[in-house]
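As structure tokens, the structure follows; a few thoughts come after it.
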Amino acid sequence: MKFAVIVFPGSNCDRDMFDAVRSHLKEDVEMVSSSTTDLSNFDAILLPGGFSHGDYLRSGAMASVAPVVRAIKEEADKGTFILGVCNGFQILLEAGLLPGAMLPNRDLAFICKTDLVRVANNNTVFTNLYEEGAALKLPIAHGEGNYYCDEATYRCLVDHHQILFTYENNPNGSAYDIAGICNERGNVLGMMPHPERAVEALLGSEDGLKLFQSMVANWRGSHVQHT
Ligand SMILES: NC(=O)CC[C@H](N)C(=O)O
């Protein structure tokens, strides 16, 4: 399975993402510039955290019109797995690949800590190696992580089982405790907590690893292996 890690000017979690895939999943992975226009060689696309374009205008707003975003949309339409973490989630929202918007944290302060995150739906390609309702220890690190959506959007998210992760202690004011959502089809996930920073005990938690392993298991399940 081949992963792409998209690197925007100002990404700063790209190497953690790369390392999680290469060293812990032991899958093929490549860093790909945000000026790339073709992602058809990849089986999964990872949008890492950071401060793309310095968070000017709003987090993710400028990155959402980078050339690579058109390619990401093409891949999303094909069913390719796409994961946006933190700034990656913000970019997916700004690009319209996921519903809702991100506001500054409720207390207007950057939050950097490990928090408890619940698996709200384990019936997806990103979460099916977790137990439903499992509490994961995952790092969060953001200034604009206060997820907002109106009630109609929330109803739609609930009806289509698109809420995959919720906060146990809602650190940032997110509507309905939402920490991560997927699109209706289930192949695009955005989440504020950082699974790639929780892939070995030395990092304080291994709870993020199953997310990547779920992606690999589901991809393998739908692709014949040629050895
Ligand atoms: N770790 C990150 O991706 C930071 C996200 C974002 N730019 C913020 O502070 O809100």
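Looking at the chain only, what percent of DSSP beta bridges run antiparallel? Nearest 5 please.
55
Considering only protein heavy atoms and a 1.4 Å probe, what is the carbon-and-sulfur percentage of the accessible area of the chain?
The C+S portion of the solvent-accessible surface of the chain is 49 percent.
With the other protein chains left in place, how much accessible area per residue, in square angstrom, belongs to region 154-211 at a 1.4 angstrom probe?
It amounts to 38 Å² per residue over region 154-211.
Largest first and in whole Å, give the semi-axes of the chain's equivalent ellipsoid, each being the square root of 5 times a Cα gyration tensor eigenvalue.
Taking √(5λ) for each eigenvalue gives 23, 20, 18 Å, largest first.
Using the reciprocal of the averaged 1/r over all distinct C-alpha pairs, how large is the Kirkwood radius of region 25-154 in Å?
16.1
Going down the list LYS73/LYS113; LYS2/LYS73; LYS73/LYS137, which pairs span over 24 Å between their C-alpha atoms? Spell out each step's value before the answer.
Numbers: LYS73/LYS113 32 Å; LYS2/LYS73 18 Å; LYS73/LYS137 31 Å.
The answer is LYS73/LYS113; LYS73/LYS137.
The values are calculated or read from the model by the stated rules, or taken from the named source; none is laboratory data. Treat the numbers as computed from the prediction; the structure is a model and nothing was measured. All accessible areas refer to the heavy atoms of the entire protein, side chains included, with ligands and DNA or RNA removed. Shrake-Rupley method; radii C 1.70, N 1.55, O 1.52, S 1.80 Å.
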